[in-house]
Structure formats: structure tokens, C-alpha cells
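All remarks here apply to the structure that follows.
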Amino acid sequence: MLTSADLRPAPAPHQRTAPPALLGRDSAAAYRGLVADVADRIAARFAAVERPWTGAAPAALAPSIAAVDLDRPLESFEAAFDEVGALYLDDAVWFHHPRYLAHLNCPVALPAVAAETVLAAVNTSVDTWDQSAGGTLIEQRLVEWTAQRLGLGPDADGVFTSGGTQSNLQALLLARDEAVEAQQLKHEVEHGTPLRGVEVLPRLRFFASPHSHFSVVKAARLLGLGEDAVVTVPADDWFRMNPAALDAAIETCREQGNVPAAIVATAGTTDFGSVDPLAPVAEIAAAHRVWLHVDAAYGCGLLVSLEHRALLAGVEAADSVTVDYHKSFFQPVSSSALLVRDRAALRHVTHHADYLNPAEGALPNQVDKSLQTTRRFDALKLWMTLRTLGPDAIGAMFDRVCALADETWDWLASDPRFEVAAPPSQLSTVLFRLAGADDATHRRAREALAASGEGMVAATRVEGRIALKLTLLNPETALDDVVPVLEALARHGKTAQEAV
Ligand SMILES: *Cc1c(COP(=O)(O)O)cnc(C)c1O
């Protein structure tokens, strides 16, 4: 008979290394020292950061990272931390800096950062009850709380996800499988023969505005529908889906013998912060009996807003909703959720494994609702934030960045060196150009700005031409912080123009 030594031969003595220091009873004191030390070092960094970024190029950082010998550890954690200070922290991008104005990144709520250390240490996995216990119930309470704020009704449910991309993928998977089932049932009734699911897939269509997130198209591809399955519904001059055009597009889809499987309305487009007209879109979805998904990855902050909640009117009619707490709830990455109106729809991602979540069990297992198995207890961060700061404080912070976007738009519109490239945002983005400058000038000005460390802005295209974009998500940033960045851009733009 084989022994375990035959199956797993012991390594030669010279291959043995010192056991890694694991977190446990005997290392509790070491843990405290380590975390306190890291907290000191990071606190010192936060106190000293003078610019959002050094503008380091990949070629500047790559050699020193490539030179690290990963097979030969350093003598201590401190030495490793010093090393990573030089390799990473010195040139990190600091989202909390008041002149970081680029993408949908937020400074993070302190209670959430503290909670992050808890979930890393306890290492709960919210997949089954027997790996998370109270963690499961805390996540479920937050799902309930969010669904209630959305107004999704008594049968709502959901699950935390890794981000908006995953939330959108799961929402569209549910919509796809609901549509496939409906088509199979219809076929049975009409023809008396079964229809295979894969035969339905090529006929399924999703509907979204041109300003919806790229993860919608990606989801269509991943779900076996192909990119062409996403029908682009025209938007109005404020970058919001045109409901009449949606209605017409669904009619056309049906006439072609295809199956409208989901409408994706965006509550806060990534570029423009525009909110599709949810109530009229929901009416069309109901009239055509099509799944309505609302992508509120960015706009979910409206759920706690004290001033702009009305922008979400109609979201209560959605079949599914994506929320990214790691955008407008000031949570550390990752923190996102997918909510559904009818918990039964989540069965499309349920699979029972004997070793994990047997079908005969009666325990609350979040894995039954998730695309992931092992999963972080990200919900704890939002929980601690709500229990420490409360929802109104988060809402007020989101309102503040929306107001800053208005102030910034007004400032740009009144300065002849600039032109606004879009109407004022419904949320907190600002699109603009340097007056009289071409694409190349904009590109050079943005690069020069980033390299100088004076500030960071994003860029996108509006009507085919490059526009610069500010995404304002820092409630501690004031117009006085934004203006010097704009002034610097104007200067860099002028230099770039003079150089040609
Ligand atoms: C950011 C964003 C996403 C993707 O979310 P991730 O968390 O980055 O995966 C989806 N939709 C919209 C509208 C977004 O702004």
C-alpha cells in the first residue's frame, strides 16, 4: 500500500526554508507591530504627498522591478517595504490628491480602509455560511438596504461583486437565460418540440446607448452572443438614450425575427455623467416585456444624495441594477453589487457541489448567487462606513462633487482659452477643449501635464475629436484646486502649438 510519503516525497533538506510567518495566535503581537508600522509609513506618505503623480513612464520603472530576484527574499519585512517604497509608492497615483481629476477613482472613506485590514486578517470568504457566518448576514443586510433604496420591492436580492464589469456581466447573463427559457417555452407550445438554448443565442439582442460602458459589449461577447448583438440606441444632445428610438429599435428587432433580451440603461455614463431617462425607458421595457438592466456603477451615489435622488426616478422598475460603491460611495476597490428585482432569477448562476453547497442544505450560501466562489468580504467596508459616517454624509460628499463640476463648467465656459465640449454634466464630469487646438495639441498638453505632476486629467472623444475630461470625485477638492490644473493645461497647450 502507498504511504503519504510515496505520494508526496519530502523535499531534500537543502530545499527547506524557514516557515513563513502566518497570522495566528502566536504571531498576534507581530501582527500588531507590522500593521502599526505600515500605518505609520503610509500615514507619513499621505502627509507628504505633494502631487497626484510623478508621471513616471513604464520604461523608467520597469528595469528596477525586473531586477528584483524573487527567489531571494530580503532580510526583513522592513527591508521589503523600503524596497516597495522605491519600486511602487514613490511613483504611485494618489487619488486623494486634490489635483487628481482624471478617472472614476475616489478618495476612500477612513472607516472602510480600517475595515479592509479586518477582512484581510480574518480572511472570511463569503461563499458559504460555514466560511463566513455573520459575514453572510452582513452582506445580505447591505444588499437589502441597497435594494430598498432602489425601491426594487419585496422579492429583491443580490450579491456583492468585484466591480461594475462583473455586475453587468452577471445581469446580462440572467437576462440572456430568462430570454432563452421564454423562447424555449414558446417553441414547445407552438411546435411541441424542444428547442436547444444555443439555437436561441444568435437571435438575442441587447439595447444600449452609444455612451453605455464597454463592458456591455464585452459581456455580449462573453455570453456567446457576439458584439453585434448589442444594438446601439441613439442618444440626445445631453448623451441620454432616446426612448422613442429605443421603442423603434425593439420593433425592428422583432420584425427581423430576433429577440430583445435586455435593455441597458445607464445611470451615469462614464464620459458624460448622463443619466438615461429611466422612467420612459422602463415603460418601454414593460410594454415589450424586455429585461431592464440599469447600470448605475457611477450614479449609485444618487441613492444617498440629498439633492439629486430624483435623477434615479424609474430605477425602481428595473429587473437588475449595477452599483459600484467603489466609485460614488468612496469605498476602496473592490466594492460593487448586482441587485435583482426577483431573487428567482439568480437561479441561473446556481450550481450545487457536494463538497460546498449541497442542494439539500438549508443554509444561506451566497455562492448560490455569485459568479465567484471564494469571495472577499468587501461588504464589511460599506457596513463600517454606514455605521460610522451614515448615508447622508456619503450623499453630501457626492452632492459636493456634482456642485464642483457645475462650478468648473461655468469657469471654463467664461474663459476664452477654453471651450466646453459638452453641456453641464448631470453628475460630476466636465468635458472641454483648449480653444483652437487640434487633437495632437490636446494629447501633448495632457502628457506634459501628467509628466509635470501638476495634475491629472483624462481624455476621450466627443463627436470624433479629442476632448479633455475631468472626473470629479473628491469632495475635498475645490475650484481653487482645479483652476491651477486648467491653467497649466492652457500653458502646455500653448507650448505644444508653438513647437509645431
Ligand atoms: C466604471 C463603470 C463600469 C465598470 O465598473 P468596474 O468596477 O470598473 O468594473 C461599468 N459601467 C459604468 C457606467 C462605469 O462607469
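In summary, strands (runs of 3 or more DSSP E) completely within segment 188-295 and bearing 3 or more residues that are of a type in the set (Gly, Ala, Ser) and buried (at least 20 other Cβ atoms within 10 Å of the Cβ) occur at 259-266. Every condition in (1) open to solvent by less than 20 Å² (accessible area, probe 1.4 Å); (2) closer than 20 Å to residue 366 by Cα; (3) not in a loop (DSSP other than H, G, I, E, B) holds for residue 130 except the one numbered (1). Taking the criterion of being within 16 Å of the ligand (Cβ to nearest atom) and buried (at least 24 other Cβ atoms within 10 Å of the Cβ), the residues of segment 166-185 that qualify are 167, 168, 170, 171, 172, 175. Can you find a residue in segment 443-460 that is open to solvent by less than 50 Å² (accessible area, probe 1.4 Å) and free of Cβ contacts under 8 Å to residues at least 40 places away in the same chain? Checked against the condition, which is being open to solvent by less than 50 Å² (accessible area, probe 1.4 Å) and free of Cβ contacts under 8 Å to residues at least 40 places away in the same chain, segment 443-460 yields at least one hit.
Exactly one residue out of 135, 163, 151 is assigned by TED's automatic domain parsing to the domain that holds residue 220, open to solvent by less than 50 Å² (accessible area, probe 1.4 Å) and within 16 Å of the ligand (Cβ to nearest atom), and it is 163. Scanning segment 468-489 for residues that are in a helix (DSSP H, G or I) and either free of Cβ contacts under 8 Å to residues at least 24 places away in the same chain or buried (at least 17 other Cβ atoms within 10 Å of the Cβ) (or both) turns up 480, 481, 482, 485, 486, 487, 488, 489.
Condition check ((1) among the aromatic types (Phe, Trp, Tyr); (2) closer than 30 Å to residue 342 by Cα; (3) touching a Phe, Trp or Tyr at 6+ places or on another chain (Cβ under 9 Å)) across all residues:
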position	(1), (2), (3)
69	no, no, no
73	no, no, no
82	no, no, no
90	no, no, no
95	yes, no, no
114	no, no, no
120	no, no, no
124	no, yes, yes
132	no, yes, yes
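Taking the conditions exactly as written (closer than 28 Å to residue 473 by Cβ, of a type in the set (Asp, Glu) and either more than 15 Å from the ligand (Cβ to nearest atom) or in the same structural domain as residue 181 (by TED's automatic domain parsing) (or both)), does residue 228 satisfy them or not? Here the answer is no, as residue 228 does not meet what is asked.
As a summary of the residue check, residue 324 satisfies the conditions (1) under 22 Å from residue 211 (Cα atoms); (2) acidic (Asp, Glu); (3) more than 12 Å from the ligand (Cβ to nearest atom) except for the one numbered (3).
Suppose the filter is touching a His at 6+ places or on another chain (Cβ under 7 Å), more than 30 Å from residue 140 (Cα to Cα), basic (Lys, Arg) and not assigned by TED's automatic domain parsing to the domain that holds residue 267; does residue 417 pass it? For residue 417, the condition - touching a His at 6+ places or on another chain (Cβ under 7 Å), more than 30 Å from residue 140 (Cα to Cα), basic (Lys, Arg) and not assigned by TED's automatic domain parsing to the domain that holds residue 267 - is not met.
The values are calculated or read from the model by the stated rules, or taken from the named source; none is laboratory data. Everything numeric here is computed off the predicted structure, so don't read it as measured data. Cβ sites come from the backbone with ideal geometry, for glycine too, and all protein chains shown count toward neighbours. Just the protein is used for accessible areas: all its heavy atoms, side chains included, with ligands, DNA and RNA removed. Shrake-Rupley method; radii C 1.70, N 1.55, O 1.52, S 1.80 Å.
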